[in-house]
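Readers should treat all values here as calculations from the given coordinates under stated rules, not as data from a laboratory. For clarity, every value in this text was computed on a predicted model and none was experimentally measured. Cβ coordinates were reconstructed from backbone atoms using ideal geometry, including for glycine residues, and neighbour counts include every protein chain displayed.
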């Protein structure tokens, strides 16, 4: 992922519940679609010790990032549980953290708790800014309409995607530019369906404090050679001893009706998996889902039972 001022060259709403896909959903798969994601957290971290502090509190290698570079990372508890995730963007004089709406305050408080004698300041910049996600095969081309804005190479669907950050008063003008460039308005549910088709988990739905880092199957968040950080002892113990018993996997489930979160799946009458998110996919013609599956069944092609419906395991995207 990269973060740059884009120079112009070439990441309840109505649900998609049946086989008739809407324009936003189709655009996410075939063109480009936009969604206002201003509710997400945007945290600016400044000060001479900013890289050292973030490096000590996240699972990825922050200190090696150069301006214009970024990474995906977890914040962990001392017990190795996932407190939050973030896209971390390195700018010349600060870091910008993009978080889920549910975790923005948690991340702010977590950072503040560990600032002792450090030269670090954290600031919630979300109230004064707007964020527009652009996703789909033409996302990079369309994002060029945001010339002069901060354009972040981050996908919310697991496919091609960007996020554009502008002052809140420039939000409507940016949307007009994106639509003039061919982007179609999509709903949050359109984005969610495509996210599940691509097997991309979301903190708050598929990841929470209930889970250890490796159980999420999001190894892109982990750097195993970076040295000490909060929760690192547990991550290393899991790595060296293979001490996890479940893994987040994608599923394809027969039928039209998505099972509710928490629904169990069986093998030979025994519970071996638990759904976290599910939606009907018009493109697949089945339900797509994410579920934590016991290790012995967390393999491509394994068939699970959902009250008589066939559910096939596949690996989520990375």
Revision key, fill the gap. For the chain (alpha-carbon point model, no solvent) the Debye-based log₁₀ I(q)/I(0) at q = 0.08, 0.12, 0.16 Å⁻¹ works out to -0.37, -0.84, -1.34
Exercise for review: Mind sorting 312, 151 by how few other Cβ atoms lie within 10 Å of their own Cβ, fewest first?
Suggested key: 312, 151
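Calculate, in nm to one decimal, what residue 168 and residue 267 gain on full extension: separation in residues at 0.36 nm each, minus their alpha carbon distance.
Working: separation 99, 0.36 × 99 = 35.64 nm, distance 5.10 nm.
Result for the pair: 30.5 nm of gain on full extension.
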Study note, to complete from the structure: Expected unfolding gain across residue 52-residue 36 under the 0.36 nm per residue rule, minus the alpha-carbon gap, is 2.5 nm
Point to revise | Sites residue 64 and residue 312 - FRET efficiency at Förster radius 45 Å, r taken between beta-carbons, to 0.05 | key: 0.70
Check your understanding: Once the Cα gyration tensor of region 170-264 is found, what semi-axes does its equivalent ellipsoid get, as square roots of 5 times the eigenvalues, in whole Å, sorted largest first?
Key -> 34, 22, 11
Study note, to complete from the structure: Two pseudo-spin positions, 7 Å from Cα along C-beta at residue 93 and at residue 284, lie apart in nanometres by 4.6
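For a Förster distance of 25 Å, can you work out the FRET efficiency between the beta-carbons of residue 124 and residue 102, rounded to the nearest 0.05?
Numbers: r = 14 Å, r/R0 = 0.58.
The formula returns an efficiency of 0.95 here.
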